[in-house]
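The values are calculated or read from the model by the stated rules, or taken from the named source; none is laboratory data. These numbers come from a predicted model, not from an experiment. Counting neighbours? That spans all protein chains shown, and the Cβs are built from the backbone with ideal geometry, glycine included.
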Amino acid sequence: MQILTIVLQIAILLAIVLLHVAYATYFERKIIGHMQVRLGPMMVGYHGLLQPIADGIKSFFKEDIVPEQADRPLFLFAPVICLVTMLTSLAVIPFAKGWVLADINIGLLFIFAMSSLASYGVILAGWASNSKYTFLGGLRSMAQVISYELPLGLSLVGVMMLSGSLNLTTIVDSQGSSFSSMYLFPQLIGFFVFFVAMLAETNRVPFDLPEAETELVSGYITEYSGMRYALFFMAEYIGMMVMSSIGTICFLGGWNGPFEVPFFPPFWFILKVYGFLFLFIWIRATLPRYRYDQLMALGWKLLLPLALLNIFLTGLFKILVH
Amino acid sequence: MTETKTVDIPVQNGDEDRYQLKLGPQHPATHGVLRVDLDLDGETIVECDPKVGYLHRGFEKLAEHRTFAQNIVLTDRLDYIAAMSNNVGYCEAVEKLLAIEVPERAKFLRVMVCEMSRISSHLLWLATHALDIGAMTVFLYCFREREVLLELFAELCGARLTTTYTRLGGVRQDVTHSIMAKLDQFVEKFPSCIEEYETMIDTNRIWLKRTIGIGQLSAEKAVDLCLTGASLRGSGVDYDVRKHMPYAAYDKMEFEVPVGETGDTYARYRCRMEELRQSNYILRQCIDMMPPGPIVGNDAPDLVMPIKPGKQLEVDVHAGNALFNLIEDRNVFMEGDIYVATEVPKGELGFYFISDGLGRPYRMHIRSPSFLHIGALGTMGKGVMVADLIAIIGTLDVVLGECDR
């Protein structure tokens, strides 16, 4: 009976998240459209509201082409790795008090593990397609993930030190419910490093080198079509959501808001996550792309020292206070 | 009896470690069908070898079988982004060969459409250059203004891109009040638009990092590589055909030639942005100073395909025959050769004719700036990273229709 409940919960979570992913694409296209003096999707449904569903149906019924020279099993499997790891990390995210599938003690670590695994999908996709552009895309992704995983992890060490836990619910609880007690303020450096590394981790502008369309055509997804392409797409958006959720939980006080919303406790959480998503999109509409070596320099020479400095300052603060 | 020979193909040392990438001809950043063969060491380019010819249509040979008047249509398809400039360049050359006088109003109209097409070409350059480097929004902002100009072209001569606006001895249609009013509005508004583009990328740290010091060329090197236009001026060489060998009504216009200093991608970007302002200023002068009068010269009546009112010729006469008659009447300037250069948005566009007096070019050669600019790519692309190569292709401002002809 308990297993049945859990399966049901998982199914509900998946359905809701996938719906959100579909509408996150709509959200992005609309916002970026209006930022670029055009309208975005308008034709399918009222103001294009049914566009994500039409896109889903389209990619589902498209032919799934596997290149002849490709490493077939890996080629077929790579998008699945990406999507599954991203979906798995959803399990530990608390959407509201008690609204979490698996309230484990190492939640933060678990999410890092999963998002690192996702890069295997990207690298394997680049390798298995047996095409020059995808290979370069895979290489770039590998280098990028290694360089940015470190500052990303270290930027959150300060949060761990302040809350004394890796459990995401505990992290939110230890921030309290008032505006000024959010970790954003004592961890400003950490938040900055986290935010930049988060953009790189999810392959978004200005760090979208693995799929830089004007250099590598489409990077590691060049050879993919139909639903497998859509899987990568979904993985990218779920990745954005997961990273936004971590940002919300670790720096913005999670589900706590100015007042309690009756019947729907995750209201503030979702609002904050969408705030993050808006930032992602805003940045995409504004900034050019970094070059490969500049990206590396930024990661190793600026973000990593800043993250270490943040840890040092946090530790010093803790010693002085106690 | 045949003898088999074994041939040793020399392999350079270290070649096995290189990663060979054929960039294009179908690639989103090659501005058409340019192909660049790259030898990569990691992401650094060791060898860079541009390959052209994927858009070759044989215009120079084709022109030998068509009359001078018929060839105007071909020039639309050279640099299809700034077809007006090509039309003017071609007609200026032929008129010099045949000594046809162009009335004052037509000269001003030519300058006007030239500068309009320069703005629209530079806008497209800025849009794609920014898109290549990853700034997506500039692309659509530029197209917003370019659309206004293309609509004006359509109102003026019925086509947005393949304009065929000029005629030997003048231009085909006169401007209407509506066109002038719209153009006036555009000229009034455009400087604020340029500022808008600049606020988006000019001081952006990533943009500066991606353009400053990239594709740097010294003045001597740029001259050696036969660069012209803004690509040359970015390196600090003050050379502009409009200023130094004025044609049409450019000698009556007041404008400056922006010159860069550093010769890198950023300097060329600044040059072109400044040129946008200067072109806008020239357009303002055109509107203010536009003289009245005919738009086709009196001594070139037969060359105008739509018959002018009051000059009834045989309607059925083929334009070629008409030109032939003209040349027979004249009995001058029909033999010999001539090279005339004009300044198109990409650089110096030259037409070289050898004429044997039969009313068609015996040989036509087009000195297209894009072809020479792509030639420079092999030198500039060596030792940079793949992402920089994309920026360099963008900054050279090439159009493959003009390169391959």
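Restricting the stretch B:268-305 to residues that are part of a helix (DSSP H, G or I) and more than 30 Å from B:Leu126 (Cα to Cα) leaves a set whose member that is modelled with the highest pLDDT is B:Asp302.
Within the stretch B:146-168, take every residue that is over 19 Å from the mean Cα position of the chain (by Cα) and touching a residue at least 40 places away in the same chain (Cβ under 8 Å) and give me the one that is surrounded by the most Cβ atoms within 10 Å (Cβ to Cβ). Step by step, filter the stretch B:146-168, then rank; the result is B:Leu168. Sort out which residues of the stretch B:124-168 are away from chain A (no Cβ under 14 Å) and part of a helix (DSSP H, G or I), and write them in order of number. Of everything in the stretch B:124-168, those that are away from chain A (no Cβ under 14 Å) and part of a helix (DSSP H, G or I) turn out to be B:Leu124, B:Trp125, B:Leu149, B:Leu150, B:Glu151, B:Leu152, B:Phe153, B:Ala154, B:Glu155, B:Leu156, B:Cys157. A count restricted to the stretch A:256-305 and to residues that are more than 14 Å from chain B (Cβ to nearest Cβ), of a type outside the set (A, V, I, L, M, F, W, C), within 24 Å of A:Glu28 (Cα to Cα) and part of a helix (DSSP H, G or I) stands at 3. Say whether the condition of being within 14 Å of chain B (Cβ to nearest Cβ) and assigned to a helix (DSSP H, G or I) is met by at least one residue in the stretch A:177-196. Yes, there is a match, as at least one residue in the stretch A:177-196 is within 14 Å of chain B (Cβ to nearest Cβ) and assigned to a helix (DSSP H, G or I).
Here the condition is being surrounded by 22 or more Cβ atoms within 10 Å (Cβ to Cβ), of a type in the set (A, V, I, L, M) and at pLDDT 80 or above; of A:Met240, A:Met227, it holds for A:Met240 alone. Against the numbered list (1) buried (at least 24 other Cβ atoms within 10 Å of the Cβ); (2) touching a Phe, Trp or Tyr at 6+ places or on another chain (Cβ under 8 Å); (3) more than 27 Å from B:Phe59 (Cα to Cα), B:Val113 comes up short only at (3). Any residue in the stretch B:26-36 that is of a type in the set (D, E, K, R) and at pLDDT 85 or above? Yes, that holds for at least one residue.
There is no residue in the stretch A:84-104 that is farther than 21 Å from A:Met241 by Cβ and of a type in the set (S, T, N, Q). Within the stretch B:353-405, count every residue that is among the hydroxyl-bearing types (Ser, Thr, Tyr), away from chain A (no Cβ under 14 Å) and farther than 29 Å from B:Leu97 by Cβ. Result for the stretch B:353-405: 1.
Just one residue in the set B:Val171, B:Val187, B:Val175 is buried (at least 16 other Cβ atoms within 10 Å of the Cβ), within 30 Å of B:Tyr90 (Cα to Cα), in contact with a Phe, Trp or Tyr (Cβ under 8 Å, 6 or more places away or on another chain) and more than 14 Å from chain A (Cβ to nearest Cβ); that residue is B:Val171.
Please state which one of A:Phe233, A:Phe267, A:Phe263, A:Phe278 is surrounded by fewer than 24 Cβ atoms within 10 Å (Cβ to Cβ) and modelled with pLDDT of 90 or more.
A:Phe278
Quick test for you: out of B:Ile390, B:Ile338, pick the one residue that is assigned to a helix (DSSP H, G or I) and farther than 17 Å from B:His65 by Cα. After applying the criteria, what remains is B:Ile390.
Of all residues in the stretch A:204-221, those being modelled with pLDDT of 80 or more, within 11 Å of another protein chain (Cβ to nearest Cβ) and more than 17 Å from B:Asp388 (Cα to Cα) number 0. Going residue by residue through the stretch A:130-145, is there one that turns out to be among the aromatic types (Phe, Trp, Tyr) and buried (at least 16 other Cβ atoms within 10 Å of the Cβ)? For the stretch A:130-145, residues among the aromatic types (Phe, Trp, Tyr) and buried (at least 16 other Cβ atoms within 10 Å of the Cβ): present.
Of all residues in the stretch A:97-115, those being assigned to a loop (DSSP other than H, G, I, E, B) and among the aliphatic types (A, V, I, L, M) number 5. Summed over the stretch A:129-164, residues that are over 22 Å from the mean Cα position of the chain (by Cα), hydroxyl-bearing (Ser, Thr, Tyr) and over 21 Å from A:Leu306 (Cα atoms) total 3.
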